[in-house]
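Report on one structure; see the data block that follows.
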Amino acid sequence: MLPARRQQYLDAIGIELFVRRTPAQAVQAPTFAAVEPASVPAAAASVPEAAVEEGQVAAQWQRLLDEVRGCRLCPLHATRTQGVLGVGPKRSDWLVIGEAPGAEEDRRGEPFVGAAGQLLDAMLRAIGLDRRTNVYIANVLKSRPPNNRDPRPEEVEACLPYLVRQIRLLQPKIMLAVGRIAAQNLLGTDAPLSRLRGRVHHFGEQQTPLVVTYHPAYLLRTPADKRKAWEDLKFARSVYQQLTQGATDGNRS
Ligand code: URA
């Protein structure tokens, strides 16, 4: 990334200095992995296996999208405009997870498109990520809680299986939980955010490495903590680099 462009993103998240410690990461698309046993119809026997597999994965994404859009598993369906599945390339190494759609997200059907989303985009761009090319963004809840209240445990319980299916399809190499609500619900803890930041957790059946940082909406209210968020982002980037280069000890240096 051009230095001027990077500085622009850092300015947007309120960081004045940028000191590169390691070479810039190259975020590469992973090869697609199978998520369910394949049953190949006789007529498709001559179709290359990878193409069949890719078609099956695409069909599963579509099924998931349809289910989320039509979901009535919790009472939020009565007040939302639409279910919001996620955004980004479906081969992204990075998965960012927030809390739930807000008013703008509920209206437009895409996560993090309001003011907090603009800050999130700037934060991600500062570490070379962009929802159009190499990061997938989703929420714990797919439906907006009225007045942006905190998700209720029964809503999270109903909705989390959608995220688990998303992760199975996406197979991210690293997850970034933004905010206390996302972090606590993903990690099944009520520990404060301050205790969850700065180390590598693991999530789900694949034990995907997961790093925690502040929610951009919180950072808009508390700009003094942007510097700590920048530390978290650099930490997440270094974890990713180590994961893709070799082993990580999981601790901030
Ligand atoms: N806050 C979130 O946690 N998610 C969104 O999609 C928007 C705001």
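A few notes on this one:
- Boolean, Glu99 is out of contact with any Cys (no Cβ under 6 Å at 6 or more places or on another chain) and either under 22 Å from Gly204 (Cβ atoms) or more than 16 Å from the ligand (Cβ to nearest atom) (or both): yes
Okay, residues lined up against (1) within 11 Å of the ligand (Cβ to nearest atom); (2) in a strand (DSSP E or B); (3) closer than 19 Å to Phe203 by Cα:
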residue: Leu76; (1), (2), (3): no, no, no
residue: Arg91; (1), (2), (3): no, no, yes
residue: Leu95; (1), (2), (3): no, yes, yes
residue: Val113; (1), (2), (3): yes, no, no
residue: Asp130; (1), (2), (3): no, no, no
residue: Thr133; (1), (2), (3): no, no, no
residue: Leu141; (1), (2), (3): yes, no, yes
residue: Ala158; (1), (2), (3): no, no, yes
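- Among the candidates Ala229, Ala158, residue that is at pLDDT 95 or above, more than 15 Å from the chain's Cα centre (by Cα), among the aliphatic types (A, V, I, L, M) and farther than 30 Å from Gly70 by Cβ: Ala229
- Within the stretch 115-128, considering residues that are aliphatic (A, V, I, L, M) and in a helix (DSSP H, G or I), the one farthest from the ligand (Cβ to nearest atom): Ala126
- Among the residues examined, Gln184 does not qualify as of a type outside the set (D, E, K, R) and either surrounded by fewer than 13 Cβ atoms within 10 Å (Cβ to Cβ) or within 21 Å of Thr244 (Cα to Cα) (or both).
- Scanning the stretch 195-221 for residues that are part of a helix (DSSP H, G or I) and touching a helix residue (DSSP H, G or I) at 6+ places or on another chain (Cβ under 9 Å) turns up Leu196, Pro216, Ala217, Tyr218, Leu219, Leu220.
- Selection count where residues are over 21 Å from Val211 (Cα atoms), in contact with a Lys or Arg (Cβ under 8 Å, 6 or more places away or on another chain) and surrounded by fewer than 21 Cβ atoms within 10 Å (Cβ to Cβ), scope the stretch 107-144: 0
- Within the stretch 198-224, being surrounded by fewer than 16 Cβ atoms within 10 Å (Cβ to Cβ) and more than 16 Å from the ligand (Cβ to nearest atom) holds for Gly198, Arg199, His202, Gly204, Glu205, Gln206, Gln207, Pro223, Ala224.
- Any hit, the stretch 242-251, residues being away from the ligand (no atom under 16 Å from the Cβ), at pLDDT 95 or above and outside any helix (DSSP H, G or I): no
- The number of residues in the stretch 97-111 being assigned to a loop (DSSP other than H, G, I, E, B) and under 20 Å from Leu233 (Cα atoms) comes to 2.
The values are calculated or read from the model by the stated rules, or taken from the named source; none is laboratory data. From a predicted model like this one, the values you see are computed outputs, not experimental measurements. Counting neighbours? That spans all protein chains shown, and the Cβs are built from the backbone with ideal geometry, glycine included.
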